[in-house]
Amino acid sequence: MMGSGKTAVGTALAHQLGVPFVDSDEEIERAAQMTVAEIFARDGEPFFRARESEVIERLLSGPPGIVSTGGGAFVSETNREMIARLGVSVWLKVDLELLWNRVRHKNTRPLLRTADPKKTLATLLEGRVPAYSKAQIAVEAEEGLSVQEMAAKVARALHEVPELFKENV
């Protein structure tokens with residue numbers, strides 16, 4: 001979910017594990033030479049979601065690493081199946097109040113450009129929880145937990161996944 005710490009925690013996790021970090025939204029922006037907000041405005045959400053799926057598949061088909069997806073990517077069953085096939089999905093589970101505290105002062109969230117952005121965020125979260133709950137791993141955020149501590153918590157959860165850290169021989 002937007003504001004869950006995907007980029008910050010993902011970057012710290014990648015550093016801890018010694019693997020690259022890639023953000024799918026940044027890859028989309030680089031390819032389109034425009035921001036996600038501009039793509040939404042010009043081409044609409046369905047166009048963006050199609051490009052997002054293409055980019056996620058390309059990233060997951062590359063070398064092992066941490067891939068952060070946009071908050072809406074995991075809502076797509078096709079994306080969930082692709083992520084499960086090519087990687088491991090992790091839900092950074094953050095409650096509404098903490099999410100709101102993190103996103104309320106940012107103007108880079110196209111889905112929150114509404115008359116009541118907190119209500120919109122609550123509605124988005126409520127609508128996405130059923131999809132997010134299908135993640136292979138859920139890691140609960142806690143108030144006051146640093147980015148490094150949250151990344152360590154995710155790393156511990158990942159180390160419990162059988163075969164994930166086995167060397168290819």
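Since every read-out is calculated from the coordinates, none of them should be taken as a lab result. The structure displayed is predicted, hence computed values, not measured ones. Methodologically, a virtual Cβ is constructed for each residue, glycine included, from the backbone with ideal geometry; neighbour enumeration extends over all protein chains shown.
Summary table below
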quantity	calculated
Residue-count net charge about E27 - beta-carbon cut-off 11 Å; Lys, Arg +1, Asp, Glu -1	-3
Cut-off of 10 Å, at most 13 other beta carbons, DSSP loop: longest stretch of the chain lacking such GluC sites (Glu not before Pro)	1-141
Solvent-free Debye scattering, log10 I(q)/I(0), computed from the Cα coordinates of the range 13-53 at q = 0.32 Å⁻¹	-1.07
Calculated Cα Rg over 2.2 N^0.38 Å (choose from (i) 1.14; (ii) 1.02; (iii) 1.33), label	(ii)
Those trypsin sites (Lys or Arg not before Pro) in the range 101-132 that DSSP places in a loop and that have at most 11 other beta carbons within 10 Å	K106
Calculated [θ] (222 nm, deg cm²/dmol) that DSSP helices of n ≥ 4 give over the chain, each run adding -39,500 (n - 2.57)	-16500 deg cm²/dmol
Gyration tensor (alpha-carbon) shape descriptor, the range 121-169, a/c threshold 1.5	oblate
Sequence-distant residues sharing a close amide H with A138 (under 5 Å, placed H)	W91
